[in-house]
1. Taking the residues in segment 199-238 that are part of a loop (DSSP other than H, G, I, E, B) and at pLDDT 90 or above as candidates, determine which candidate is surrounded by the fewest Cβ atoms within 10 Å (Cβ to Cβ).
2. Please go through segment 141-177 and pick out each residue that is assigned to a helix (DSSP H, G or I), modelled with pLDDT of 90 or more and buried (at least 16 other Cβ atoms within 10 Å of the Cβ).
3. Does residue 22 count as more than 30 Å from the chain's Cα centre (by Cα) and outside any helix (DSSP H, G or I)?
4. Within segment 239-263, work out how many residues are at pLDDT 90 or above, farther than 11 Å from residue 121 by Cβ and assigned to a loop (DSSP other than H, G, I, E, B).
5. Within segment 17-44, track down each residue that is at pLDDT 85 or above, out of contact with any strand residue (DSSP E or B) (no Cβ under 6 Å at 6 or more places or on another chain) and loosely packed, with under 12 Cβ neighbours inside 10 Å.
6. Of all residues being in a loop (DSSP other than H, G, I, E, B) and in contact with a helix residue (DSSP H, G or I) (Cβ under 9 Å, 6 or more places away or on another chain) in segment 81-91, which is nearest to residue 205 (Cα to Cα)? Just the residue, please.
7. Could you look through segment 69-101, keep only residues that are over 14 Å from the mean Cα position of the chain (by Cα) and without any contact (Cβ under 8 Å) to a residue 12 or more places away in the chain, and pick out the one that is surrounded by the fewest Cβ atoms within 10 Å (Cβ to Cβ)?
8. For segment 70-80, check the following and say yes or no: at least one residue is in contact with a strand residue (DSSP E or B) (Cβ under 9 Å, 6 or more places away or on another chain) and either assigned to a strand (DSSP E or B) or not assigned by TED's automatic domain parsing to the domain that holds residue 200 (or both).
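The values are calculated or read from the model by the stated rules, or taken from the named source; none is laboratory data. Computed from a prediction, not measured in an experiment: that's the story for all the values here. Quick reminder, even Gly has a Cβ in these numbers, built from the backbone with ideal geometry, and neighbours come from all protein chains shown.
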């Protein structure tokens with residue numbers, strides 16, 4: 001069923017067969033997200049009852065979309081965080097992801113060349129290993145983990161791998177066709193190009209199970225991606241050079257800092 005067909009049916013049901021206890025009324029106006037106004041206006045034009053009803057754009061409803069994403073993630077079997085990222089943090093993360101994809105660091109480093117990272121979110125410091133995926137041309141992406149060997153064990157199906165990957169932050173980059181679902185919807189919402197050949201989907205591991213990112217995870221991932229892109233930009237730095245450092249300021253004023261040693 002096409003998106004337009006879904007909107008047509010939803011609007012018709014709302015006007016003709018509203019869910020109780022909502023009364024049957026003809027609205028004077030319909031307010032919808034700006035990105036949906038064409039579809040809603042087309043659906044309204046098909047209903048004579050709405051001939052005098054105006055269709056107007058409202059404010060962007062990304063917060064509501066995030067709630068829906070969380071529900072879908074739960075239904076798909078991913079644990080949900082108690083402290084999810086807000087819209088501003090998702091925006092920053094997708095900007096960092098786009099910079100990472102544009103840099104294409106897998107053309108320079110393989111998954112055996114590890115980044116040693118010290119990530120600091122205003123005194124909350126973690127040390128992780130960053131791994132760029134894609135040199136073999138099979139799976140593009142990025143992983144941030146305390147136990148890089150666990151990724152290889154997970155790939156071979158070893159039973160302890162999920163527990164060893166606790167807290168790992170994992171990005172897979174695939175085609176639109178391979179991504180689909182809530183991850184594709186989120187990417188579109190945050191401006192990912194319809195022409196892009198690689199589209200991100202992100203998850204973590206919590207209590208040994210796949211989970212959606214929490215706020216801290218999204219910020220750590222943003223910091224780590226900035227760090228890799230910074231390393232990629234310093235092409236002539238020697239392998240034994242001091243760590244590369246940088247800062248990222250988040251929307252609420254929180255300052256994150258990365259110190260990264262390149263492969």
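1. Filtering segment 199-238 for residues part of a loop (DSSP other than H, G, I, E, B) gives 207-208, 212-214, 234-238.
Checking which are at pLDDT 90 or above leaves us with 212-214.
Working: 212: 23, 213: 24, 214: 18.
Filtering first and then ranking leaves 214.
2. 176 - this is the single residue of segment 141-177 that is assigned to a helix (DSSP H, G or I), modelled with pLDDT of 90 or more and buried (at least 16 other Cβ atoms within 10 Å of the Cβ).
3. Yes, satisfied.
4. 3
5. Within segment 17-44, 26, 28 meet the criteria.
6. Out of the qualifying residues, it is 81.
7. This residue is 75.
8. Checking segment 70-80: at least one residue is in contact with a strand residue (DSSP E or B) (Cβ under 9 Å, 6 or more places away or on another chain) and either assigned to a strand (DSSP E or B) or not assigned by TED's automatic domain parsing to the domain that holds residue 200 (or both).
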